[in-house]
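Next up is a structure, given as structure tokens.
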Amino acid sequence: MLVIASSAYSATPADELAQAAAKPSCCQSLSSISQRKVLRPEQTLSLDSSSPHFDFGWGSAPFAIYSINPSAVRVVELQAASNFAFGKSVRSFPASKVIFFDADWIQIAFEPLSTPHLKEVGFAKSQVLTDRLRVPEKAVAMVIAADVQRVGLRAQAIEHRSSSTFAAAGLVAETGGSVNVVEYELLVYGSYDVLSFAPYR
């Protein structure tokens, strides 16, 4: 599994919104983009100031577009990496929005399979903000974009901490797991692991 580590960050949500708003649109319409990323089972995505930007109706935002085969991919999971700033007590994650399109470039509704929640991944048990959703049957393209309308807002997610075993001074001890409600702030730019899964059998 791909694991994106948290990274130090200093830009404020207002700084990022101003930066995104100043970016010219990449194109007249998304349908004119012939080169799309291929949705693989596991891949990383970084949306930053060098990414193409487009106004989806909620303001200029960085995005990536993927070709998908809905008969081969039925579930997509986004795992957003946290950005932390020294001196700040609240964690930050990129605000994401997923849009599916059919062959006529008509937007299709989808079914969320979870609410945003913090999930431990990798041996280091890094925490990622996870969203899981079902791919519509007629979808041929998927856009992952920054939801600039939510940038700067505070949100909450459930955090599940698993138990850990450690050794110290010749003794082996175990810390218990926990479930907490964690507050976090939303940014424009950030990194994701994008996971896709085959149909349920």
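Using the basic label-point model (7 angstrom from Cα toward the beta carbon), what is the ARG154 to ASP48 distance in nanometres?
If labels sit at ARG154 and ASP48, their model points lie 3.0 nm apart.
Also, quick follow-up: Given a Förster distance of 41 Å, report the FRET efficiency between TRP58 and GLU120 from their Cβ-Cβ distance, rounded to the nearest 0.05.
Taking R0 as 41 Å, the efficiency between TRP58 and GLU120 is 0.85.
What distance in nm separates the simple spin-label points at LYS37 and TRP105, each placed 7 Å from Cα in the Cβ direction?
So the two model labels end up 2.1 nm from each other.
Sticking with the crude label model, points 7 Å out along Cα→Cβ, report the distance from SER29 to ALA14 in nm, one decimal please.
That separation, rounded to one decimal, is 3.8 nm.
Computed from the coordinates by the stated procedures, all read-outs in this text should not be read as laboratory data. Quick caveat, the model's predicted, so the values are computed rather than measured. Please note: Cβ atoms are built from the backbone with ideal geometry, for glycine as well, and neighbour counts cover all protein chains shown.
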